[in-house]
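Asker: Take this structure, written in structure tokens, and hold onto it; I'll ask about it next.
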Amino acid sequence: MPRPAPGPERYPVVRVPLRGEPLPVRRFVAAVRRGAEEQPPIARAMAALCAAAGDREVQGV
């Protein structure tokens, strides 16, 4: 479960960090209607996602 996700109150839930080689990864895909990527709110959101990805692979189509 993602860290911010609330667990069910009536069942005990324990979060266990994932470890190992290769490290587990999560893939995010953002789909934006053609031309909408130039809208300021969308451009800011996409820039924030790319910045959060850091040196990981970021592809634009």
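Bear in mind that the values in this text are calculations on the coordinates, not laboratory data. Predicted model, so just to flag it, every value in this text is computed and none were measured.
Asker: Assuming 0.36 nm per residue, please report the length gained on full extension of the stretch R26 to E9 beyond their Cα-Cα distance. Walk me through the numbers on the way to the answer.
Answerer: Details: separation 17, 0.36 × 17 = 6.12 nm, distance 2.61 nm.
Net length gain for the segment: 3.5 nm.
Asker: Next up: Short version: ³J(HN,Hα) in whole Hz for each residue of segment 33-49, in order, from phi by Karplus 6.51 cos²θ - 1.76 cosθ + 1.60 (θ = phi - 60°), x for Gly and Pro, what are they?
Answerer: With the stated coefficients, segment 33-49 comes to 4, 3, x, 6, 5, 8, 5, x, x, 6, 4, 5, 5, 5, 5, 5, 5 Hz.
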